[in-house]
Amino acid sequence: MTANEEERRRLFQRLEEVLGATEAATLMEGLPPIRWSDLATKADLDGLRAATKADLDQLQAETKAEFERVRSETRNEFEKVRSETRNEFEKVRSETRNEFEKVGLRMEVMEHRLMSAFRDELNEAFHRQGRQTALTLVGSLTGLSALAWTIANLAH
């Protein structure tokens, strides 16, 4: 038994001698199971309440500041990602535009080559046709001249 328990036992025995068993038990039940100096007073509880409130207020302020810091970092990161994405899209647009311009230039070059080849073939076809027509005319004129000469000689 601790000294406290021993003291309580002796007190109960003495009260039992003076007041009787029932009254001694009733009185002992009203006493706290610990020393009076170990009991918390209203002032103690008020002090603890104030300290707890101050701790909670400080925790709330720190939590709020931490959330604001995280919110700000997140906002900055999102802005950074948006900016990088915009830059990448602009780069892709520029590259695509350049590629389309290159394709357009290649198509123009191919068009000029095709037109040049077509002109060359057309000119060659006209020259061939012109030679054939000229030879046909010369042949026809020669034949008609021969026929005219023959008719003229026969008529004389």
Subject >> Sparse-neighbour loop sites [trypsin sites (Lys or Arg not before Pro); the stretch 100-156; at most 16 other C-beta within 10 Å; DSSP] >> reply: none
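Could you tell me which of rounded, prolate or oblate describes the stretch 14-79, using a ≥ b ≥ c as the square roots of the eigenvalues of the alpha-carbon gyration tensor, with rounded for a/c under 1.5 and, failing that, prolate when a/b is larger than b/c and oblate otherwise?
Details: a/c = 9.22, a/b = 5.40, b/c = 1.71.
Cα axes put the stretch 14-79 in the prolate bin.
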Subject >> Within the stretch 1-99, trypsin sites (Lys or Arg not before Pro) in DSSP loop having at most 15 other beta-carbon neighbours inside 10 Å >> reply: R35
**OP:** With a point put 7 Å past each Cα toward its Cβ, work out how far R9 is from F118 in nm, to one decimal.
**Re:** 12.5 nm
**OP:** Enumerate the calculated ³J(HN,Hα) couplings along the stretch 123-132 in order (Karplus 6.51 cos²θ - 1.76 cosθ + 1.60, θ = phi - 60°), each rounded to whole Hz, writing x wherever the residue is Gly or Pro.
**Re:** 4, 5, 5, 4, 5, 4, 5, x, 5, 4
**OP:** Using a/c under 1.5 as the rounded threshold, could you call the stretch 40-151 rounded, prolate or oblate? The axes a ≥ b ≥ c are square roots of the C-alpha gyration tensor eigenvalues, and prolate needs a/b larger than b/c, oblate otherwise.
**Re:** prolate
Subject >> Residue-by-residue Karplus 3J(HN,Hα) for the stretch 67-79, coefficients 6.51, -1.76, 1.60, Hz, glycine and proline x >> reply: 4, 5, 5, 5, 4, 5, 4, 5, 4, 5, 5, 5, 5
Original post:
Among the aspartates and glutamates, which fall within straight-line cross-link reach of K91, defined as a Cα-Cα distance under 14 Å, with same-chain neighbours fewer than 8 residues apart omitted?
Top reply: E99
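Between E95 and R69, what FRET efficiency follows from the Cβ-Cβ distance if R0 is 35 Å, with the result rounded to 0.05?
Numbers: r = 39 Å, r/R0 = 1.10.
It comes to 0.35.
Grab the beta carbon distance between L135 and A155, set R0 = 41 Å, and tell me the FRET efficiency rounded to 0.05.
Working: r = 30 Å, r/R0 = 0.73.
Computed FRET efficiency for L135 and A155: 0.85.
Every number in this text was worked out from the coordinates using simple rules, so none of it is lab data. These numbers were taken from a predicted model, which means no experiment stands behind them. When we count neighbours, we look across all protein chains shown, and the Cβ atoms used for this are built from the backbone with ideal geometry, even at glycine.
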